[in-house]
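What follows draws every value from the coordinates through simple rules; no lab data is involved. Every value quoted in this text rests on a predicted model; they were computed, and no experiment measured them. With ideal geometry, Cβ positions are generated from the backbone for all residues, glycine too; neighbour counts draw on all protein chains shown.
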């Protein structure tokens, strides 16, 4: 997720180190050339000028300006306070780098309200390779000109369509008219994963990867439910069929009956002009930057913040409980 930023930082002669926290982050994915800081003491000794965070919080006792770059798009999910989680201010960041007008404007209003952070619309660095990488794609098959369908599903049991559409996908994959790629979030139930692995045949491939961008590039159409990965797919100007997605969005083709899935896929493969126009309008609001230079814009905004300082920002609320929880989680009690 942060490697496009790392690439640009290193290219201009600066240094990068990684600090990983939480059970959901696997250090085994780091490359031998990537430096990992193993403790908060290591981080403080390294003295970063800026800390780029794809999560929701970052400790105040880590040096450097704190830059929020988000771990996905706003999927409209509500937190326990009944507020959209994407716009929850947790008093941790000095700068939010937003993805497009749909999120920029709400964050600007929040910045005016709180006065503790700045906002810059930059686009999402994670997507830079999707718009710039032209290397051989491992998910494309030379000589096979059949349409490729990518099936993704959220891991949430209450929202996932994976258990429901299993037999339908099995039947469609055996028809052989299309190539199927199937990929799930790492949190997906192991039982569901194993069921879909059992479907593998010459027409269907189950993929386990930490880099979904080549999959998105390889497919012509996506079948999904409510997973926010569908937004990333749409940004390529490609259509998405959803099953039981209740957002009522005109840039999606939603079906609620199993027998309607195949006709919907057949329809969107023709790229109806009205649907494609709706997709384009939606993408302009969500993420209009399709030049592959969002990382450069994030760094430019960060450089500006470091150069100008944060003295004009209001002090952040102490929020002692949140910071106590972060210290307890990290096992760090030095001051």
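Values as computed for the structure displayed
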read-out: Pairwise FRET efficiency - residue 71 versus residue 133, Cβ, R0 = 25 Å, nearest 0.05; value: 0.75
read-out: Two-decimal log10 I(q)/I(0) for the stretch 250-300, as the Debye equation yields it once each C-alpha is a single scatterer, q = 0.22, 0.33 Å⁻¹; value: -0.84, -1.17
read-out: Percentage relative contact order, the chain, counting C-alpha pairs under 8 Å, at least six apart; value: 19 percent
read-out: Burial ranking of peptide ranges 279-286, 223-230, 33-40 (average Cβ count within 10 Å, highest at the top); value: 223-230, 279-286, 33-40
read-out: The stretch 283-335 - convex hull of alpha carbons, volume per residue in Å³; value: 196 Å³
read-out: Value in Å of the Kirkwood radius, where the chain supplies the Cα pairs that are averaged; value: 21.7 Å
read-out: Estimated inter-spin distance, residue 102 and residue 20, nm [label 7 Å along Cα→Cβ]; value: 3.1 nm
read-out: GNM top mover of 190, 314, 31 - the chain, alpha-carbon springs below 10 Å; value: 31
read-out: Modelled label reach - residue 85, point 7 Å along Cα→Cβ, the stretch 237-273 residues with backbone N closer than 18 Å; value: 246-247
read-out: Euclidean distance between Cα centres, the stretch 96-159 to the stretch 281-303, Å; value: 10 Å
read-out: Whole-number Å³ per residue for the convex hull built on Cα positions in the stretch 56-179; value: 175 Å³
read-out: Whole-number D in µm²/s for the stretch 139-286 (Stokes-Einstein; Kirkwood sum over Cα pairs; 25 °C, 0.890 mPa s); value: 160 µm²/s
read-out: Intensity falloff of the stretch 1-60 expressed as log10 I(q)/I(0), Debye formula with alpha-carbon point scatterers, at q = 0.15, 0.17, 0.25 Å⁻¹; value: -0.47, -0.62, -1.42
read-out: Degrees between helix 101-114 axis and first principal axis of the chain (Cα, 0 to 90, nearest 10); value: 30 degrees
read-out: Peptides 116-124, 261-269 ordered by average Cβ neighbours within 10 Å, highest first; value: 116-124, 261-269
